[in-house]
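Taking it in order: structure first as structure tokens, then the write-up.
The values are calculated or read from the model by the stated rules, or taken from the named source; none is laboratory data. Quantities reported herein were computed from a predicted structural model and do not represent experimental measurements. All Cβ positions, glycine included, derive from the backbone under ideal geometry; neighbour counts span all protein chains shown.
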């Protein structure tokens with residue numbers, strides 16, 4: 001009776017997304033869902049028809065969706081490539097589009113998706129909305145022991161924010177075209193629509209520049225994108241409904257520019273490409289006209305190359321040292337009544353903004369560019385946080401949030417997921433909230449290279465994508481993790497390498513030996529957080545090896561997270577979980593002896609041997625604690641002292657990695673102390 005009532009409620013009313021049945025694996029969660037009875041069963045005859053007036057990019061997109069369905073099910077569908085002639089009324093899936101979409105800010109991406117037992121109808125105003133709907137359709141796919149099917153459902157969906165981005169730093173470590181492409185595919189799968197491409201930095205200038213060829217010839221170590229490659233990526237993104245916004249970081253973060261053009265710097269050269277990480281002194285001279293003549297010509301070329309209406313100028317972390325030490329700059333400031341370096345950078349930003357306006361672009365930059373004199377069409381990207389973003393909105397400036405989405409900091413998924421561009425307690429008025437356009441995850445590249453960058457971006461960025469797309473009240477962390485596991489697996493079909501490349505890196509670490517014991521340890525460790533990796537006595541350069549255990553370990557290690565959850569539930573009364581916890585602790589206790597044999601053959605992993613030993617000792621302490629709890633015995637004082645000492649030792653990092661089950665064992669120990 002309860003089951004019938006449950007389904008009746010879904011049939012009669014449009015339910016909140018937080019009530020979505022737990023069998024669905026949709027991420028992002030759609031705005032509105034009505035779940036019905038029955039399923040649409042896929043067969044070998046499944047086909048798709050596209051009607052209306054879409055942009056032509058929808059045909060290859062729908063073809064790729066069809067191939068992905070075929071690949072997952074093994075069904076031999078009759079259609080090869082969808083074209084303008086694919087308009088059969090009898091098709092199983094009919095996609096109806098009113099008009100071509102423009103890959104611009106605020107374009108309509110809404111859609112409605114109805115799955116009946118005998119037909120699928122996808123309707124949208126633009127083809128961009130239809131593309132978002134096709135990704136939802138793919139996520140609806142389920143199976144039992146006899147068939148693949150989609151549940152009968154009605155979905156009405158649209159994004160909460162129009163700016164949903166991912167920034168990839170291709171400068172500190174160069175990211176080849178194939179890395180960019182596979183991440184664009186993954187972005188489309190979770191409905192992200194802005195690719196922010198960081199293209200200049202102290203460590204490299206990454207774009208072919210025909211106007212000033214020494215930029216890429218001398219400032220890139222030969223690793224740059226040609227015009228042809230850029231156009232290829234732009235077209236690839238356009239075909240997936242993704243805007244591409246280039247960032248040329250000025251006036252600071254600019255050492256690589258000065259290798260070829262030292263006369264534009266605020267201090268004499270010569271300059272060489274920076275190999276270290278950090279904030280450095282080289283800065284453009286904002287007081288000479290040559291600087292603005294250079295940028296006029298430079299941005300003319302780049303504005304013609306990149307079609308989006310926005311151009312990112314960076315503008316962050318100018319330490320001002322070269323300006324302070326340059327007598328001519330100081331004299332200029334005095335003559336013009338410029339009181340501070342911040343005011344001098346404001347002058348620079350206004351001149352650059354005028355150049356961009358001349359070439360039909362609008363400026364975007366980090367928090368530091370915000371000044372009342374700048375036009376209201378600029379966008380502020382905030383690394384400082386929601387308060388800075390709100391302040392900009394109150395002044396009538398558009399903004400996007402990146403604070404809380406710095407995925408290079410190795411923070412857990414739920415931290416990013418619960419971070420909101422417009423928090424529930426925001427004091428902004430409804431009109432002011434409209435100035436908050438959304439946000440971007442930022443993948444800075446000090447500690448990533450092409451083989452492990454995906455593991456830092458995914459799957460956490462999928463959870464961030466849900467924050468940008470779904471209603472604000474979608475905040476169930478446990479359900480997010482449940483769905484994230486599924487999406488992470490599905491991203492592999494798009495070429496994302498976070499899972500398979502970790503296995504490859506572990507094989508290399510063991511010299512192609514048995515990785516089992518190392519894998520068990522790596523499953524419960526993570527790289528150290530924030531930027532503390534710089535603080536452990538290892539000096540990193542751009543050419544350093546990024547192949548150690550710390551580079552193979554992933555953020556938010558799933559096995560450790562699941563164990564912490566198990567312990568929390570056990571301590572909250574689910575005593576039946578004791579056997580699962582015991583089995584896990586037993587596995588870890590017995591692992592050290594096996595891993596020690598591998599370590600003896602692989603010097604590169606010897607640095608994490610103390611972690612392996614601590615995992616063994618922690619597991620023994622955990623098993624002893626469970627036994628005491630089971631017997632309802634109080635531990636002896638000597639045991640408490642020894643265990644407290646062990647917990648303190650186990651919190652130490654080795655090889656710039658740390659054990660992530662310490663807090664769970666500590667909770668067990670604290671329970672038995674009561």
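One table, with the values for the structure above:
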quantity: Residue 525 surrounded by fewer than 16 Cβ atoms within 10 Å (Cβ to Cβ) and either touching a residue at least 12 places away in the same chain (Cβ under 8 Å) or under 19 Å from the mean Cα position of the chain (by Cα) (or both); calculated: no
quantity: Test: residue 381 is outside any helix (DSSP H, G or I) and modelled with pLDDT under 95; calculated: no
quantity: Some residue of the stretch 504-511 being touching a strand residue (DSSP E or B) at 6+ places or on another chain (Cβ under 7 Å) and not assigned by TED's automatic domain parsing to the domain that holds residue 66; calculated: no
quantity: Which numbered condition residue 406 fails, given (1) in contact with a strand residue (DSSP E or B) (Cβ under 8 Å, 6 or more places away or on another chain); (2) crowded, with 22+ Cβ neighbours inside 10 Å; (3) at pLDDT 95 or above; calculated: (2)
quantity: Residue 470 buried (at least 19 other Cβ atoms within 10 Å of the Cβ), touching a helix residue (DSSP H, G or I) at 6+ places or on another chain (Cβ under 8 Å) and within 30 Å of residue 545 (Cα to Cα); calculated: no
quantity: Which listed residue, of 169, 185, is buried (at least 16 other Cβ atoms within 10 Å of the Cβ) and touching a strand residue (DSSP E or B) at 6+ places or on another chain (Cβ under 9 Å); calculated: 169
quantity: Criterion violated by residue 231 - all others in (1) more than 26 Å from residue 178 (Cβ to Cβ); (2) modelled with pLDDT of 95 or more; (3) surrounded by fewer than 16 Cβ atoms within 10 Å (Cβ to Cβ) satisfied; calculated: (1)
quantity: Selection within the stretch 531-542 - surrounded by fewer than 16 Cβ atoms within 10 Å (Cβ to Cβ) and at pLDDT 95 or above; calculated: 541
quantity: In the stretch 496-514, the residues that are in contact (Cβ under 8 Å) with a residue 60 or more places away in the chain, in a loop (DSSP other than H, G, I, E, B) and within 13 Å of residue 552 (Cβ to Cβ); calculated: 497, 510
quantity: Only listed residue being surrounded by 15 or more Cβ atoms within 10 Å (Cβ to Cβ), out of contact with any strand residue (DSSP E or B) (no Cβ under 9 Å at 6 or more places or on another chain) and either in contact (Cβ under 8 Å) with a residue 40 or more places away in the chain or under 30 Å from residue 100 (Cβ atoms) (or both), chosen from 249, 308, 239; calculated: 239
quantity: Residue count for the stretch 310-342, restricted to those that are over 18 Å from residue 380 (Cβ atoms) and outside any loop (DSSP other than H, G, I, E, B); calculated: 15
quantity: Given (1) buried (at least 22 other Cβ atoms within 10 Å of the Cβ); (2) farther than 17 Å from residue 318 by Cα, number of the condition residue 365 does not satisfy; calculated: (2)
quantity: Hits in the stretch 271-289 - residues which are loosely packed, with under 13 Cβ neighbours inside 10 Å and more than 37 Å from the chain's Cα centre (by Cα); calculated: 289
quantity: Residue within the stretch 213-227 that is in contact (Cβ under 8 Å) with a residue 40 or more places away in the chain, within 22 Å of residue 451 (Cβ to Cβ) and surrounded by fewer than 18 Cβ atoms within 10 Å (Cβ to Cβ) present; calculated: yes
quantity: Any chance residue 104 is buried (at least 19 other Cβ atoms within 10 Å of the Cβ) and outside the structural domain of residue 308 (by TED's automatic domain parsing); calculated: no
quantity: Residue 280 vs. criteria part of a loop (DSSP other than H, G, I, E, B), farther than 21 Å from residue 331 by Cβ, in contact with a helix residue (DSSP H, G or I) (Cβ under 9 Å, 6 or more places away or on another chain) and in contact (Cβ under 8 Å) with a residue 24 or more places away in the chain; calculated: yes
quantity: Residue 381 vs. criteria within 26 Å of the chain's Cα centre (by Cα) and surrounded by 17 or more Cβ atoms within 10 Å (Cβ to Cβ); calculated: yes
